[in-house]
Amino acid sequence: MDIIRHPVSSLKFVINDSFNGKEPWQIVTITTTTIFLGVWFYDFLFQDESIIDRGKKTVFRLAKLIPSIKKRIDDELSSISKNFKDEVEERTKHTTYITELPHAKLSKKDIIEALNTNLGLGDYDWKNGLVSGAVYYYSPDLIDVVSEVYSKTSYTNPLHSDLFPGLCKMEAEVVRIAADLFNGNDDTCGTMTSGGTESIIMACKAYRDYGREVKGIKKPEIIVPTTVHSAFDKAAQYLKLRVRSVRTDPNTCQVDVNGVRKAINSNTIMIVGSAPNFPYGTMDDIPALSELGVKYNIPVHVDSCLGGFLTCFMEDAGYPIPPCDFRLPGVTSISADTHKYGFTPKGSSVVLYRDVKYRHHQYTVTTDWPGGVYGSPTVSGSRAGGNIAVCWATLLNFGREGYVSATRDIVHTTKYIEKGLRRMKGIFIFGQPVTSVIALGSNDFHIYRLSTALKERGWNLNVLQFPSGIHICVTHMHTQPGVADRFLNDVRDSLFEIMKNPSLPVEGKMAIYGVAQELPDRSIVGDFTKLFLDSTYYVPKRGN
């Protein structure tokens, strides 16, 4: 009973009794060892990964040391690498590779001819709407505009603001236009970036530094839905952040708000919601996340990289959705890609902040460099002024009226396709699409068989995992006459053939992808991915 009533005194007695009769060196050794073991045990328990995940990785790593297992894995990886390279060989067999700088310059005619050959290597007819996402708009008239603008600005660089002040003015105008579209106020600010991934990395960097300098957070954590874009994981790897992933509801495909609430702690630097997410095109409950942000004084970032330049026009287009922008008091930043539904050429995005204090923490400043005081707003130092200029020109080329019209056509086409797909037996749609993405699954057959069947009919769709699915991201290309009906007819015909024998296994590439999902050792899946990336840089040795 004494130890319960007087725990501190009792503990002192136990410790003193334990050291009774010990030599000083023994006391020092035991104390030091105990401290070291305590620190090690604390670090072991409270690492970014759970004990279970680390235990699995340790088991798999040790298993790979067994010669027979290592040889089997190495042989399989070698075979996969060869398959990737063989595909490159086959795709480029009628072309030659330039592996050395030509001694003499090539003529414009020769360069354009080589360019056209390289651009002709793709198999998919993206101009006629047979591809999911990727190219969001194409018009010869727009090409004329951006080509002339880029030709005048291709060698400009906003890093040198004294040389190209007009580029800085255009970037500032793009940011202000975007801030207005997302219902910001005079204090709303931001920057342009090279794409959604950089916008996301910049937001994470801003909140990491803000959390460290203002709140004293030394072990920063971000709370994200499991469906959030993988760019947040990339940001975490670059910036040494801990990611707390919160599950999504299997029916609505929205993040579990209660799960987000439980994940909040003193190290949380930001909460993230998607509007919409990439896999399913569903939108998280941004108003509820905003409330959490206000209640706990935590920044809330809305990732609208995919559909932001649809959501900001949907109400005017006749398709209102719940607020997901700066109208919500807890939303402190938004990322949105102009090079998706803003229809600008690739290489532009915006990241917006409610207050300049956040943008200041996005900047990188070096004050003691011998080359002078150096400051840059984003990852890059030098930036392509041409990308800023063509983004600016594209926004002005469309105007609000043009974007509202395009949004109306895209959302109408998406809902038309969704309605047609929901009538078909054998498939289901994940959640409730909000903007332009429709994700399909099946309880009757492996959905990757439908992906393969549609590929044989010329379609290129995106493949999903955990659970298996495929999705189509509807773009302006799909609003062309007859494209939506062709897609529905091809899905219907493919389902008719598949349902004749729904139990057949997946074959070909999709079989490999399906097996990859089932591998418990995700590091092997990572090796697959690295080999694929290697193949994109592979140059066959067959001469010039």
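Structure above, values below:
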| quantity | calculated |
| --- | --- |
| Residue within the stretch 149-160 that is under 27 Å from the mean Cα position of the chain (by Cα) and within 23 Å of C312 (Cβ to Cβ) present | no |
| Close pairs from the stretch 523-544: first not assigned by TED's automatic domain parsing to the domain that holds S230 and β-branched (V, I, T), partner modelled with pLDDT of 85 or more and loosely packed, with under 14 Cβ neighbours inside 10 Å, Cβ under 7 Å, at least 6 apart | V539/Y97; V539/T99 |
| Elements of type strands (runs of 3 or more DSSP E) in the stretch 294-402, at least 3 residues being touching a residue at least 40 places away in the same chain (Cβ under 8 Å) | 331-336, 349-353 |
| Meets criteria (closer than 13 Å to V175 by Cβ and outside the structural domain of F313 (by TED's automatic domain parsing)) for P377 | yes |
| Residue satisfying all of: in the stretch 311-346; basic (K, R) and touching a Gly at 6+ places or on another chain (Cβ under 8 Å); nearest to G402 (Cα to Cα) among these | K340 |
| Hits in the stretch 151-176 (condition: in contact with a Pro (Cβ under 8 Å, 6 or more places away or on another chain) and touching a residue at least 12 places away in the same chain (Cβ under 8 Å)) | F164, L167, E171 |
| Identity of the residue in the stretch 335-390, over 22 Å from the mean Cα position of the chain (by Cα) and of a type in the set (F, W, Y), that ends up surrounded by the fewest Cβ atoms within 10 Å (Cβ to Cβ) | W369 |
| Qualifying residue in the stretch 140-158 (condition: within 30 Å of F232 (Cα to Cα) and out of contact with any Cys (no Cβ under 7 Å at 6 or more places or on another chain)) | yes |
| Residues satisfying the stated conditions in the stretch 112-150, i.e. touching a residue at least 12 places away in the same chain (Cβ under 8 Å) and polar (S, T, N, Q) | T117, N118, N128, S132 |
| Any hit, the stretch 215-232, residues being assigned to a helix (DSSP H, G or I) and surrounded by fewer than 18 Cβ atoms within 10 Å (Cβ to Cβ) | no |
| Residues (touching a helix residue (DSSP H, G or I) at 6+ places or on another chain (Cβ under 9 Å), farther than 19 Å from H478 by Cβ and of a type in the set (A, V, I, L, M)) located in the stretch 132-148 | V145, V146 |
| Hits in the stretch 287-312 (condition: among the small types (G, A, S) and more than 22 Å from E198 (Cα to Cα)) | A288, S290, G293 |
| Search result, residues across the stretch 467-486 that are without any contact (Cβ under 8 Å) to a residue 60 or more places away in the chain and either at positive phi or crowded, with 22+ Cβ neighbours inside 10 Å (or both) | I470, G482 |
| Filtered residue count, the stretch 128-142, keeping only those that are over 16 Å from Y341 (Cα atoms) and part of a helix (DSSP H, G or I) | 3 |
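The values are calculated or read from the model by the stated rules, or taken from the named source; none is laboratory data. Note that the coordinates shown come from a computational prediction; the quantities given were computed from them, not determined experimentally. All Cβ positions, even for glycine, are placed from backbone atoms using ideal geometry, and neighbour counts span all protein chains on display.
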